[in-house]
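What follows is calculated from the coordinates using simple rules that are stated; it is not laboratory data. Keep in mind it's a predicted model, so treat the numbers as computed, not measured. Here the Cβ is made from the backbone with ideal geometry for all residues, glycine too, and neighbour counts use every protein chain on show.
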């Protein structure tokens, strides 16, 4: 792979943000609203319950981790959609750019966009609501790694769906994180789910992160085997997503469906 061609994909995204301030606000605007909203909700729950349970690290920490996962996924899909919206996809692959280099550029673009959102979330959560990440210690690394790999995998898979079924399929992509959240156990333990939902949950890497987070907040040690399982599943998901995107790309190239992404295509 060519580093220069990968850097060109990332640079294109930087130019898009530099030339349009409206693109910058969503990088931190929605996550800031989520943190503020859930921060005050958790404070209210603390004030009306007599259980002595602190809802701030449990709920606000879950929101922070889930928003990071969502931001990583959307970092990939939005970068891909920029080429779909501008009908620039065909022009890119008229160059010597390889599909692996294109995917690497999308991933790197997602890294810096999600990093901005994460910085804002951490600043608000710690500065305004006093949440601390120190109790997690070194486990923050596998937590964020699992969510990052899974978010990248979901973003690539979602981009493959749009590539295969056309720009209209974009509306199938945005609800995906919300559809997965009940199975991931973002705000509640998996033990309260029906058995059939637990089987799906065990196949989702984020569920291991949130179970580990709750175990730490309860004063227990996070089960290392579960985190290893989550990391392994996230890696498998990433490999399968890349395979799917490559397979779809070859299909649309062979059948001529890629022409619908041309600037000359009317519909």
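Out of the residues in the stretch 97-117 that are within 12 Å of the chain's Cα centre (by Cα) and in contact (Cβ under 8 Å) with a residue 60 or more places away in the chain, state the one that is nearest to residue 46 (Cα to Cα).
If we take residues in the stretch 97-117 being within 12 Å of the chain's Cα centre (by Cα) and in contact (Cβ under 8 Å) with a residue 60 or more places away in the chain, then 117 is nearest to residue 46 (Cα to Cα).
Taking into account only those residues within the stretch 199-216 that are assigned to a helix (DSSP H, G or I) and surrounded by fewer than 16 Cβ atoms within 10 Å (Cβ to Cβ), which is farthest from the chain's Cα centre (by Cα)?
This residue is 199.
Would you say residue 221 is free of Cβ contacts under 8 Å to residues at least 12 places away in the same chain and either at positive phi or part of a loop (DSSP other than H, G, I, E, B) (or both)?
Yes: the conditions hold for residue 221.
Restricting attention to the stretch 166-184, does a residue exist that is without any contact (Cβ under 8 Å) to a residue 40 or more places away in the chain and surrounded by 17 or more Cβ atoms within 10 Å (Cβ to Cβ)?
Yes, some residue in the stretch 166-184 is without any contact (Cβ under 8 Å) to a residue 40 or more places away in the chain and surrounded by 17 or more Cβ atoms within 10 Å (Cβ to Cβ).
Go through the stretch 191-218 residue by residue and tally those that are free of Cβ contacts under 8 Å to residues at least 12 places away in the same chain and under 16 Å from residue 138 (Cβ atoms).
1
In the set 77, 70, 113, which member is crowded, with 22+ Cβ neighbours inside 10 Å and under 14 Å from residue 156 (Cβ atoms)?
77 is the lone residue from the list that is crowded, with 22+ Cβ neighbours inside 10 Å and under 14 Å from residue 156 (Cβ atoms).
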